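**Student:** Before I ask anything, let me first share the structure, which is written out below as structure tokens.
The values are calculated or read from the model by the stated rules, or taken from the named source; none is laboratory data. Keep in mind that what you see is a predicted model, and the values were worked out from it rather than measured. Quick reminder, even Gly has a Cβ in these numbers, built from the backbone with ideal geometry, and neighbours come from all protein chains shown. The protein model used for the area step is the full one, side chains on, heavy atoms only, and it has no ligands, DNA or RNA in it. Shrake-Rupley method; radii C 1.70, N 1.55, O 1.52, S 1.80 Å.
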Amino acid sequence: MTTIQLNLAERGYEINIGYGLIKKVGEIFDLNRRVLIITDSGVPKEYAEEVLRQCLDGEIFTVDQGEGSKSAECFIRLCEKMVHMGMTRSDCVVAVGGGVVGDLAGFTAASYMRGIDFYNVPTTLLSQVDSSIGGKTAINLGGVKNIVGAFYQPKGVIIDPDLLKTLPTRQISNGLAEAIKMSLTSDKDLFDLISMGDTEKNIEEIIIRSLNVKKAVVEEDEREGGLRRILNFGHTFGHAVEAQEDMAGLYHGECVSIGMIPVTSCEVREKLIPVLEKVGLPTKYNGDLEDALKFISHDKKCDGKKISVVFVDKIGSYRIEKMDTDAFCDLVREEIKL
């Protein structure tokens, strides 16, 4: 087992990574209280049931698989469930699932009684390398992704690579997009590992290296005031693609894969595209570009007519540039043709 300590004073916590750790959830987390386990219909039932087996007094709440569950309606249903269970400030929530479950469960925990303990057991590669740590929780509203949310750190995270064995190949690729994103801005060795190595054999190291990148960023900038913006590399156009209704069939990581292309130099792009293709990620955009660009103004990094955009000119480094939204849209129009 590898343990990474996220140092945020009283909000700090441990991230434990290792095969078979789901069987030790009760040893690592404090589950000797009322526990609401939140999962979704796409996660194998035995994962949440294994966590329940180790709880003193727990219940499982299963939401529908997909982004549609990150809604105000689902949030209210969860709060009502917690009231019905008689949960108090001394009780806790455990997320067992991917990014949707983690975002929804974390936001619910942050809101219920103004905040109760929250633990995360991510079951997808995307959530294991990225969204399970850092404390960004949210739901969607009015067709805008993550527009209502809170910074709320978990009390602990368990990452068990064994849980990835039931994932389809496309979901593995989806998670690798976020690992590639972090490698481009901050860890050339990680990029080389993905580029030249066997990703399946190296998956634990890829997870650990990705988490160490995010840990360093979150510790310096917990609430996204500056440095943490580098984690949005590829997301500005990526989120616009994701928000476009007729592109709803693309996963988040696939949208980020497309979103990274316009904000890399030609030198980086020559190395990036073969790696994205190697792991099964898209490198071309086939949707309605003008329709997608309409969503840029809704981006949380947008301040009036200006938007902060992360560029990578050389692997392992980055720059952040404040741009007019119109200028960024023009850049995408030009680069996406390549």
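**Student:** Please give the strands (runs of 3 or more DSSP E) falling wholly within the stretch 98-165 in which 3 or more residues are closer than 16 Å to Ser69 by Cβ and not acidic (Asp, Glu).
**Tutor:** Fully inside the stretch 98-165 and qualifying: 136-141, 144-151.
**Student:** If a residue must be open to solvent by 10 Å² or more (accessible area, probe 1.4 Å), of a type in the set (A, V, I, L, M) and in a helix (DSSP H, G or I), how many such residues does the stretch 223-260 contain?
**Tutor:** Qualifying residue count, the stretch 223-260: 4.
**Student:** On to the next question. Under the condition of being more than 15 Å from the chain's Cα centre (by Cα) and not basic (Lys, Arg), which residue from the stretch 209-221 is least open to solvent (accessible area, probe 1.4 Å)?
**Tutor:** Result: Asp221.
**Student:** Is it true that some residue in the stretch 20-31 is in a strand (DSSP E or B) and in contact with a Cys (Cβ under 6 Å, 6 or more places away or on another chain)?
**Tutor:** No, the conditions are met nowhere in the stretch 20-31.
**Student:** Taking the stretch 213-251 as the region of interest, how many residues are within 18 Å of Leu276 (Cβ to Cβ), at pLDDT 90 or above and touching a Gly at 6+ places or on another chain (Cβ under 7 Å)?
**Tutor:** Of the residues in the stretch 213-251, 5 are within 18 Å of Leu276 (Cβ to Cβ), at pLDDT 90 or above and touching a Gly at 6+ places or on another chain (Cβ under 7 Å).
**Student:** Considering Val43, Val63, which residue is closer than 26 Å to Lys214 by Cα and surrounded by 13 or more Cβ atoms within 10 Å (Cβ to Cβ)?
**Tutor:** Of Val43, Val63, the one residue that is closer than 26 Å to Lys214 by Cα and surrounded by 13 or more Cβ atoms within 10 Å (Cβ to Cβ) is Val43.
**Student:** Spot the failing condition for Cys255; the list is (1) over 26 Å from Tyr152 (Cα atoms); (2) free of Cβ contacts under 8 Å to residues at least 60 places away in the same chain; (3) touching a Gly at 6+ places or on another chain (Cβ under 6 Å); (4) hydrophobic (A, V, I, L, M, F, W, C), and only one is missed.
**Tutor:** (1)
**Student:** Here are Val83, Val101, Val157: which of them is of a type outside the set (Gly, Ala, Ser), over 20 Å from Ala216 (Cα atoms) and buried (at least 24 other Cβ atoms within 10 Å of the Cβ)?
**Tutor:** Result of the check over Val83, Val101, Val157: Val101.
**Student:** Name every residue in the stretch 66-80 that is over 19 Å from Ser131 (Cα atoms) and open to solvent by less than 40 Å² (accessible area, probe 1.4 Å), in order of residue number.
**Tutor:** Hits for the stretch 66-80 are Ala72, Cys74, Leu78, Cys79.
**Student:** Got at least one residue in the stretch 179-193 being buried (at least 19 other Cβ atoms within 10 Å of the Cβ) and touching a Leu at 6+ places or on another chain (Cβ under 6 Å)?
**Tutor:** Checking the stretch 179-193: at least one residue is buried (at least 19 other Cβ atoms within 10 Å of the Cβ) and touching a Leu at 6+ places or on another chain (Cβ under 6 Å).
**Student:** Looking at Ile22, is it touching a helix residue (DSSP H, G or I) at 6+ places or on another chain (Cβ under 7 Å) and open to solvent by less than 10 Å² (accessible area, probe 1.4 Å)?
**Tutor:** Criteria not met by Ile22.
**Student:** Could you tell me which residue of the stretch 113-136 is surrounded by the most Cβ atoms within 10 Å (Cβ to Cβ), considering only residues that are charged (D, E, K, R) and in contact with a Lys or Arg (Cβ under 7 Å, 6 or more places away or on another chain)?
**Tutor:** Residue satisfying both the conditions and the ranking: Asp130.
**Student:** Now a separate question. How about the stretch 44-75: which of its residues are among the basic types (Lys, Arg) and either in a strand (DSSP E or B) or in contact with a Gly (Cβ under 6 Å, 6 or more places away or on another chain) (or both)?
**Tutor:** None; the set is empty.
**Student:** A follow-up question, please. Search the stretch 261-288 for residues being part of a helix (DSSP H, G or I) and open to solvent by less than 30 Å² (accessible area, probe 1.4 Å), and hand back the single one that is nearest to Val310 (Cα to Cα).
**Tutor:** The qualifying residue nearest to Val310 (Cα to Cα) is Val263.
**Student:** Say we look at the stretch 194-208 and pick out the residues that are part of a helix (DSSP H, G or I) and more than 25 Å from Asp313 (Cβ to Cβ); which of these is least open to solvent (accessible area, probe 1.4 Å)?
**Tutor:** Residues of the stretch 194-208 that are part of a helix (DSSP H, G or I), as a first pass: 194-196, 203-208.
Filter once more, keeping what is more than 25 Å from Asp313 (Cβ to Cβ): 203-205, 207-208.
Details: Ile203: 18, Glu204: 52, Glu205: 85, Ile207: 0, Ile208: 34 Å².
Here the residue is Ile207.
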